[in-house]
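A short worksheet on the structure shown next.
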Amino acid sequence: MTNSNTNNSVLILGATGRIGLEILYQLSKHNSKPDIHAFVRDPTKLSPSDRALFKSIVKGDARSSYDIKQAIDETNASVVVIAVGNGDNVAKSDIRTTNAHAVVAVLDQPQYSHIHAVVISSNGAGPTKIKVGLGIGTMIAYHLRHVLRDHTGQEAALVPIMDRTVLLRPTALTDNEPTGKPVYFGDKDKPPTINISRTDVAAVVAVEICDGTSDGGKIINLTNAK
């Protein structure tokens, strides 16, 4: 996703969330110094120190293709990071699915065919299952059923632009100290752990945006080592 002639312009949807902020921090540390822009419903949720790291902050509704198009045009985005969600709320919601449809409605237009996407989904979404012994995985999946259904809908909505999308499916996100050594696993594999530091996930996102050689069509399942 790198461009040798110009810096990446990265628009983060869901920039006030914990994973969105971690992605901000990791991108801001990268040597390539990409331009980072926030797309948020409520800009007042950003602290002064976080606001200072963004080149611009665009207020808008993540469900609105019109608002997303305006933000992409204003920021001249080359990469859109999708990190929307409901925080720790596991109640029924369609924010991820609806947002994905809105993003695709914009990026599927010919004039935006150069823009790439990086998406934070979840282990247990799509064809994957949360694999833990003694039936624990089944209990976790039931507890998260609404979130996982929404992420599955999100992934399905993104199919038209998957050839230029990097999709990450981390295990449960934590605020633990990063290890710097995420473990990658296949869709049908049992991961060695069921959680990963948000910072480790955000670091992978930064690498994919700033150093990655892939233009998309890539799915990454990741967790922390034991």
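Hey, among the residues in segment 117-151 that are among the hydroxyl-bearing types (Ser, Thr, Tyr) and in contact with a Pro (Cβ under 9 Å, 6 or more places away or on another chain), which one's least open to solvent (accessible area, probe 1.4 Å)?
Within segment 117-151, the first condition is being among the hydroxyl-bearing types (Ser, Thr, Tyr), and the residues that meet it are 121-122, 128, 138, 142.
Filter once more, keeping what is in contact with a Pro (Cβ under 9 Å, 6 or more places away or on another chain): 121-122.
Numbers: Ser121: 6, Ser122: 22 Å².
Filtering first and then ranking leaves Ser121.
Among the residues that make up segment 39-59, is at least one of them open to solvent by less than 10 Å² (accessible area, probe 1.4 Å), touching a strand residue (DSSP E or B) at 6+ places or on another chain (Cβ under 8 Å) and within 26 Å of Ser214 (Cα to Cα)?
yes
Scanning segment 6-15 for residues that are farther than 16 Å from Val204 by Cβ and either surrounded by fewer than 22 Cβ atoms within 10 Å (Cβ to Cβ) or among the β-branched types (Val, Ile, Thr) (or both), which turns out nearest to the chain's Cα centre (by Cα)?
So the residue we want is Ser9.
Of (1) open to solvent by 80 Å² or more (accessible area, probe 1.4 Å); (2) at pLDDT below 95; (3) closer than 25 Å to Ser197 by Cα, Arg18 satisfies all except one. Which?
(2)
So for segment 108-129 (the condition being assigned to a helix (DSSP H, G or I), more than 24 Å from Lys33 (Cα to Cα) and out of contact with any His (no Cβ under 7 Å at 6 or more places or on another chain)), does at least one residue qualify? Walk me through how you get there before you give the answer.
We begin by selecting, within segment 108-129, every residue assigned to a helix (DSSP H, G or I); these are 110-112.
Applying the additional criterion that residues be more than 24 Å from Lys33 (Cα to Cα) yields 110-111.
Now narrow it down to the ones that are out of contact with any His (no Cβ under 7 Å at 6 or more places or on another chain): 110-111.
Yes: one or more hits.
Being assigned to a helix (DSSP H, G or I) and at negative phi is true for just one of Asp215, Asp200, Asp187. Which residue is that? Full working, then the answer.
Values: Asp215 fails: assigned to a helix (DSSP H, G or I); Asp187 fails: assigned to a helix (DSSP H, G or I).
Going through Asp215, Asp200, Asp187 in turn, the sole match is Asp200.
From the list Asp35, Asp94, which one is of a type in the set (Asp, Glu), touching a Lys or Arg at 6+ places or on another chain (Cβ under 7 Å), open to solvent by 40 Å² or more (accessible area, probe 1.4 Å) and touching a residue at least 12 places away in the same chain (Cβ under 8 Å)? Steps first, please.
On the way: Asp94 fails: touching a Lys or Arg at 6+ places or on another chain (Cβ under 7 Å).
Residue meeting the stated conditions: Asp35.
Being open to solvent by 30 Å² or more (accessible area, probe 1.4 Å), closer than 21 Å to Ala15 by Cβ, in contact with a strand residue (DSSP E or B) (Cβ under 9 Å, 6 or more places away or on another chain) and not in a loop (DSSP other than H, G, I, E, B) is true for just one of Leu168, Leu173. Which residue is that? Give the steps one after another, and end with the answer.
Working: Leu168 fails: open to solvent by 30 Å² or more (accessible area, probe 1.4 Å).
Checking each option against the conditions leaves just Leu173.
For segment 66-83, give me each residue that is more than 19 Å from Asp215 (Cα to Cα) and surrounded by fewer than 17 Cβ atoms within 10 Å (Cβ to Cβ).
Tyr66, Gln70, Asp73, Glu74
The values are calculated or read from the model by the stated rules, or taken from the named source; none is laboratory data. Treat the numbers as computed from the prediction; the structure is a model and nothing was measured. Here the Cβ is made from the backbone with ideal geometry for all residues, glycine too, and neighbour counts use every protein chain on show. Only protein heavy atoms, including side chains, enter the accessible area calculation; ligands, DNA and RNA are left aside. Shrake-Rupley method; radii C 1.70, N 1.55, O 1.52, S 1.80 Å.
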